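Structure in structure tokens, see below.
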Amino acid sequence: MEEFLAGRFDVAVIGAGHAGIEAALACARLGLETVCFTINLDAGGNMPCNPAIGGTGKGHLVRELDALGGEMARAADKACIQYRLLNRGKGPAVQSLRAQADRREYQKIMKHTLESQEHLTLRQAEVVALRQTDGHISQVVLRTGAVFDVRAAVVATGTYLHGRTIIGACTEESGPDGMHAATALTQSLVDMGLDLRRFKTGTPPRVNARSIDFSQMEIQPGDDDPLPFSFTTTQPPMNRAACYLTYTTPETHKIILDNLDRSPIYSGVIEGIGPRYCPSIETKIVRFKDKPRHQLFVEPMGLDTEEMYIQGFSSSMPEEVQVQMLHSVPGLTHAQIMRPAYAIEYDCVNPLELKPTLETKKVEGLYGAGQFNGSSGYEEAAVQGFVAGVNAALKLTNQPPMILKRSESYIGTLVDDLVTKGTNEPYRIMTSRSEYRLVLRQDNADERLCPIGHRIGLVSEERLQQVEEKYAAVAREIERLTHTGIPGSESLNRLLTDRGSTAVTDGCRLIDLLKRPQIGYRDLRSFDDHCAAMDTAIAEQVEITVKYDGYIRRQMKQVADFEKLESHALPPDLDYSALAGLRLEAREKLNEIKPLNLGQASRISGVSPADIAALMIWLEKA
Ligand SMILES: Cc1cc2nc3c(=O)[nH]c(=O)nc-3n(C[C@H](O)[C@H](O)[C@H](O)COP(=O)(O)OP(=O)(O)OC[C@H]3O[C@@H](n4cnc5c(N)ncnc54)[C@H](O)[C@@H]3O)c2cc1C
């Protein structure tokens, strides 16, 4: 193909998926001339799997991204059609928002946001090669022969790189949803010395709602008081759709077990490594043999479509078997498949090739984000796109990088897990991945991260002041509750005894009432006018801070200990093979990862506490 120089940009983003969108918007909003390439403009912001945003741990990521100045939360609040706060009955550390999205509406909103963004050029094209000059990224080449000079590039190619879809014995070179695969770029990345591997993921069938008997299922309505994802959303969201719950049957399990030899997972057709925490229905039935049935959630794909997504039925079984499987499920006995379930294999990079800024160690100015980095999920992709985009922009404008710590965010935890520990399967965030769950709640993401969003230039002064004022008001209210007493009364004691709490004889302080597990801030409203008038978001923070005070203090102590180790910086070009006292495995791993500080070094698998002690001695001497 004859090449021609088609233009010059500061940053090229390859991909307009969840990662590419955040990377492109961050770079353009920080004033960098940015171009965003995608194989199909109509698939920008596509949700090739469940039409939902959030979930355990994922809801935290969306809120954190919003606090930093990212886009996903705002678009979700415009496009979501049903909201649920998961783990509502449990503590605030694991409560996480999840919402059904109107898939087409979400895409429309994101495409228009990209099109309307100053300093951003959106282009439909396949990138077939990347070039470097003296170890620094320099050019992007399109299948058309167009060549662009660039100062940085973000690879956010999702599940498209050498995409291969699998339905039984039928395999096809393809991206998701019938989009064409990216077939050339992999070689260019390999030529740059990057270590690529093959991962896999899968999705369930889509069925026509007209062919479903919902009377055989349990309706799953949205919450009465839905919460928005974005801290900037002022209008409470509305539930405009419902989901349904049904279950597999012994017949379903028999059909799958009888056809296991035709499953590409078990017949060896699939080579890529799949996600442990999003297993196919075949894997679930094999792995959990004793479980009599598995939940299936029937979810709408949008308001203006009959397409229903069968969550929990991800598979790559032959179509004929998929039909039998579906028809064995209550409510789906006459289901009409609109899109069959399938698995997809794709190339992605070994995340140990990346620095905590998501820049590659081998090619300066080249960044990775999203599924390409070995993660799985829209939310995981979006936050990495943001981190990569922001760091590309900060580097090009000679500003210090944005490296989020494990102790201040799930985003920092996710990135650190990927670039320090690596992953051998698609990585999915969960609250259990964090040591600091109680301080990294979804409700206080603004307090933790808006100051950083402001520092990097993506959160306005006005918004930062609003957040500071909110938490100052929280502190003032806690102070007020501490010094405000109310007299004992019949109505107060009736409430306490009804809730199984001890009645009071004389008066008591409001804060002591709130500390009682049975009493919420909402209950104080009938005894104190000030409480009655309090803003909901401030009341929520007051309640959590007062009730979990002891636990939060203990966790903050752990954070302080963590910070101590993180504060011991290590030279990025240190040759560990020459350091005394280190075991061979530790030397190799430390030289491969090049940790930024002792904390990161201590999290590398194969580096023992004795090795860390040896490093500390070296640091003291050095
Ligand atoms: C079948 C399937 C099942 C899934 N199942 C799950 C699941 O169960 N759980 C879960 O959490 N996640 C699942 N996902 C993953 C989820 O879709 C992704 O995590 C998410 O979309 C990743 O976002 P991304 O931005 O990294 O990539 P994508 O959303 O895939 O976007 C990639 C973008 O890159 C562009 N692109 C790629 N190569 C090139 C090129 N060479 N030139 C120009 N543009 C290019 C594409 O056009 C697209 O715009 C599944 C995905 C698929 C396809």
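So how do 285-298, 40-53 stack up, highest first, on mean other-Cβ count within 10 Å?
Details: 285-298: 14.4, 40-53: 21.7.
Per-residue mean Cβ counts within 10 Å order the peptides as 40-53, 285-298.
I need the shape label for the range 206-343. Rule: rounded when a/c is under 1.5, else prolate if a/b > b/c, else oblate, with a, b, c from the alpha carbon gyration tensor.
Judged from the Cα gyration tensor, the range 206-343 comes out prolate (a/c at least 1.5, a/b above b/c).
Taking every pair of distinct Cα atoms and averaging 1/r, then inverting, what Kirkwood hydrodynamic radius in Å comes out for the range 267-328?
By the Kirkwood definition, the hydrodynamic radius is 13.5 Å.
OK, next. Give the separation of the Cα centroids, the range 33-73 to the range 232-274, in Å.
Cα centroid to Cα centroid, the span is 22 Å.
To continue, here is another question. How far, in nm, would the chain grow between Arg553 and Asn591 when pulled straight, counting 0.36 nm per residue and subtracting the alpha carbon separation?
The span from Arg553 to Asn591 would gain 10.0 nm if fully extended.
Here's a follow-up. In whole percent, what relative contact order does the chain give with Cα contacts below 8 Å and a gap of six or more residues?
Once normalised by length, the contact order is 16 percent.
All other residues with a Cβ under 14 Å from the Cβ of Ile167 taken together, and with Lys, Arg as +1 and Asp, Glu as -1, what is their net charge?
-2
Past the 27 Å Cα-Cα mark, which pairs from Lys470/Lys557; Lys421/Lys557; Lys90/Lys470; Lys470/Lys564?
Flagged as over cut-off: Lys470/Lys564.
Still on this structure, please answer the following. Can you pull the percent of the chain's accessible area that's carbon plus sulfur, 1.4 Å probe, other chains left in place?
Whole-percent figure for carbon plus sulfur exposure: 52.
Check cross-link reach from Lys254 to the aspartates and glutamates: straight Cα distance under 14 Å, and skip same-chain residues fewer than eight apart.
Glu282, Asp290
Before rounding to the nearest 500, sum -39500 (n - 2.57) across all DSSP H runs of length at least 4 in the chain and divide by the residue total; then give [θ] at 222 nm in deg cm²/dmol.
Numbers: 22 runs with 221 residues, N = 622.
Helices in the chain give a 222 nm mean residue ellipticity of -10500 deg cm²/dmol.
Right, here's the next one. Which whole-Hz couplings ³J(HN,Hα) result when phi for each residue of the range 188-205 is put into the Karplus expression 6.51 cos²θ - 1.76 cosθ + 1.60, θ = phi - 60°, listed in order with x for Gly and Pro?
Values per residue, Gly and Pro as x: 5, 6, 5, 4, 7, x, 6, 8, 9, 9, 10, 10, 9, 8, x, 9, x, x Hz.
Here's another thing I want to ask about it. Between Gln220 and Asp304, what length in nm is gained on full extension when 0.36 nm per residue of separation is reduced by their alpha carbon distance?
Fully extending the segment from Gln220 to Asp304 adds 28.3 nm.
Could you go through the range 388-394 in sequence order and give the Karplus-derived ³J(HN,Hα) for each residue, using 6.51 cos²θ - 1.76 cosθ + 1.60 with θ = phi - 60°, rounded to whole Hz, and x for Gly and Pro?
Couplings: 5, x, 4, 5, 4, 5, 5 Hz.
Work out how much length Glu462 to Ala169 would gain on full extension: take 0.36 nm times their residue separation and subtract the Cα-Cα distance, in nm to one decimal.
Full-extension gain reported as 99.7 nm.
Are any of the pairs Lys200/Lys355; Lys405/Lys621; Lys355/Lys405; Lys361/Lys594; Lys78/Lys200; Lys78/Lys405 more than 20 Å apart by Cα-Cα distance, and if so, which?
On the way: Lys200/Lys355 24 Å; Lys405/Lys621 27 Å; Lys355/Lys405 13 Å; Lys361/Lys594 9 Å; Lys78/Lys200 31 Å; Lys78/Lys405 30 Å.
From Lys200/Lys355; Lys405/Lys621; Lys355/Lys405; Lys361/Lys594; Lys78/Lys200; Lys78/Lys405, over 20 Å: Lys200/Lys355; Lys405/Lys621; Lys78/Lys200; Lys78/Lys405.
Count neighbours as other Cβ atoms within 10 Å of each site's Cβ, and list the GluC sites (Glu not before Pro) in the range 44-133 that are DSSP loop with at most 12 such neighbours.
Glu118
Per residue and in cubic angstrom, what volume does the convex hull of the Cα atoms of the range 567-621 have?
69
Then there's this: With a bin width of 20 angstrom, please list the P(r) values of the chain as percents of all Cα-Cα pairs, from the 0 bin to the one holding the largest distance.
18, 48, 29, 4, 0
Using a simple spin-label model with points 7 Å from Cα along the Cα→Cβ vector, what separation in nm is obtained for Asp134 and Ala569?
Spacing of the two 7 Å Cα→Cβ label points: 2.5 nm.
Okay, moving on. Accessible area per residue, 1.4 Å probe, Å², for the chain: what's the number?
I get 41 Å² per residue for the chain.
The values are calculated or read from the model by the stated rules, or taken from the named source; none is laboratory data. Predicted, not measured: the structure shown is a model, and the values here were computed from it. Virtual Cβ from ideal backbone geometry, glycine too; neighbours counted across all protein chains shown. These area figures cover heavy atoms from the full protein model, side chains too; ligands, DNA and RNA do not enter into them. Shrake-Rupley method; radii C 1.70, N 1.55, O 1.52, S 1.80 Å.
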